[in-house]
1. Scan the range 394-415 and give yes if some residue there is in a helix (DSSP H, G or I) and either on the phi < 0 side of the Ramachandran plot or buried (at least 21 other Cβ atoms within 10 Å of the Cβ) (or both), otherwise no.
2. Which members of the range 365-393 meet the condition of being farther than 16 Å from residue 327 by Cα, assigned to a loop (DSSP other than H, G, I, E, B) and under 26 Å from the mean Cα position of the chain (by Cα)?
3. Which of the residues spanning the range 273-329 are at pLDDT below 95 and under 20 Å from residue 183 (Cβ atoms)?
4. In the range 368-393, what residues are exposed (fewer than 14 other Cβ atoms within 10 Å of the Cβ) and within 25 Å of residue 97 (Cα to Cα)?
5. Considering only the range 432-444, I want to know if a residue exists there that is within 22 Å of the chain's Cα centre (by Cα) and either buried (at least 18 other Cβ atoms within 10 Å of the Cβ) or modelled with pLDDT of 95 or more (or both).
6. With respect to the numbered conditions (1) out of contact with any helix residue (DSSP H, G or I) (no Cβ under 6 Å at 6 or more places or on another chain); (2) touching a residue at least 24 places away in the same chain (Cβ under 8 Å); (3) surrounded by 16 or more Cβ atoms within 10 Å (Cβ to Cβ); (4) over 27 Å from residue 485 (Cβ atoms), which one is the sole condition not fulfilled by residue 239?
7. Working only within the range 183-198, note down all residues that are more than 13 Å from residue 277 (Cα to Cα) and buried (at least 22 other Cβ atoms within 10 Å of the Cβ).
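The values are calculated or read from the model by the stated rules, or taken from the named source; none is laboratory data. Since the structure is predicted, the reported quantities are computational estimates derived from the model, not experimental observations. Backbone-built Cβ (ideal geometry, glycine too); neighbour counts: all protein chains shown.
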């Protein structure tokens, strides 16, 4: 390719990439006039290919962090301090290294790149075009603009296709699919980068499929909501019939239609949209500046959000690793066991309450602490490891959530929003608007649903500060590996103020229980230099570099 420009980053496999003909047959969105996109079956197969377009295929790839759900999302969980690593590929050890940790005896563990901070390191060594595949900030941007381009391609072709049966319903499902994933992609871009590009044209309809007009992260989130609203409007016109079901089954691979994954009815899908829109507000607004109107909007959206019985968008592995590898396709898989890419942090473990079965069913202490390569970080030292609940004899207690299974299809990955997230967002809005008991009851509800087995906190007379602490802990534990921990640290001010009373290990394994961690991570990443070099900002563009 001559240029890197965002939409031209979509490299897809032509034809089937799996052993199952009906699953993940992918056409190339860089050829929007392809004959495969002019038939009903071809367009549906192309829509199913979004799972590859948006989550597996970009120009660069590093086999250690992995694809989107283990690599790009790994960055989130590293900065959210639920995992750590001393692996240097794509500088992931630097991405998750705080500025410093002060141990109980006063010893200070500095960022190994000191005096440079994470922000400096990203801008000096990582986010530069010459770094190529080693630019950690590139991946989420590239994957999500791949997704957006594929959705644009589908939407630009759907009206020209002749459909059998209930054509209006089939077209509606496909259009809702396209707008849903555009909304998803823009949500991730606007929640991670300081600016972005809005593009509704498929590659080939405009020179290089993009433009140089960058807009603010706020405008990107507004564009996410606009696309989600468009999907919801279409879904409001649809009813479930045989053609609706068949089309959505054609779009969602069979191995993703199990457990909480399945064929969503239009109203279920609309509730998924409401929950994702609530997330767009919550994770992009510091809690200190949240207005009463925003809390009210979150309550309105979550009251219309995902129910416990609803299907949601999930991902599963299969034996071939067509979408996700059973062992390395997710952050969970790459954290399982004693010698994996990622390590469970002490700060995650300390956020479990005493007696929580989610802890005892999913984690165990190592025979000796993991210290690893001490020149590569200051926060990954740990006494804990994640258990593979797919292993014989390690199944754990029935009714308790499983955080890891390395069996094909054993681990359920939530691709977008979930019932637990919806309830905890509602709980937070209630707590911050004076209904502390109502919020605590929802926290209890989530814990019960996940089999935590701990005493209820509602009705125990907790103070407002104590209720907020219950919420903080539950979001880290109940939403583990759902790429929300970094967003929470950002909006709660932890990136700036740090964490006190933290559990941390010295480089010889001595345990501190009252350590102070100063993170100072960049809250929103600059637009990747891989993009800027080949697609420079046009006149009137918003700033592409975070002023921090």
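1. Our first condition is that a residue be in a helix (DSSP H, G or I); within the range 394-415, this holds for none.
There is no residue in the range 394-415 that is in a helix (DSSP H, G or I) and either on the phi < 0 side of the Ramachandran plot or buried (at least 21 other Cβ atoms within 10 Å of the Cβ) (or both).
2. Filtering the range 365-393 for residues farther than 16 Å from residue 327 by Cα gives 365-384, 393.
Still in the running and assigned to a loop (DSSP other than H, G, I, E, B): 371-373, 377-381, 393.
Once the filter is applied, which keeps residues that are farther than 16 Å from residue 327 by Cα, assigned to a loop (DSSP other than H, G, I, E, B) and under 26 Å from the mean Cα position of the chain (by Cα), the range 365-393 yields 377, 378, 379, 380, 381.
3. Once the filter is applied, which keeps residues that are at pLDDT below 95 and under 20 Å from residue 183 (Cβ atoms), the range 273-329 yields nothing.
4. Answer for the range 368-393, where residues must be exposed (fewer than 14 other Cβ atoms within 10 Å of the Cβ) and within 25 Å of residue 97 (Cα to Cα): 368, 373, 375.
5. yes
6. (3)
7. So the first thing to find is which residues in the range 183-198 are more than 13 Å from residue 277 (Cα to Cα), and the list is 189, 192-198.
Across the range 183-198, the qualifying residues are 189, 192, 193, 194, 195, 196, 197.
One line per residue, one yes/no per condition, for (1) surrounded by fewer than 23 Cβ atoms within 10 Å (Cβ to Cβ); (2) closer than 30 Å to residue 350 by Cβ; (3) out of contact with any strand residue (DSSP E or B) (no Cβ under 8 Å at 6 or more places or on another chain):
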{"residue": "98", "(1), (2), (3)": "no, yes, no"}
{"residue": "116", "(1), (2), (3)": "yes, yes, yes"}
{"residue": "124", "(1), (2), (3)": "yes, no, yes"}
{"residue": "133", "(1), (2), (3)": "yes, no, yes"}
{"residue": "166", "(1), (2), (3)": "yes, no, yes"}
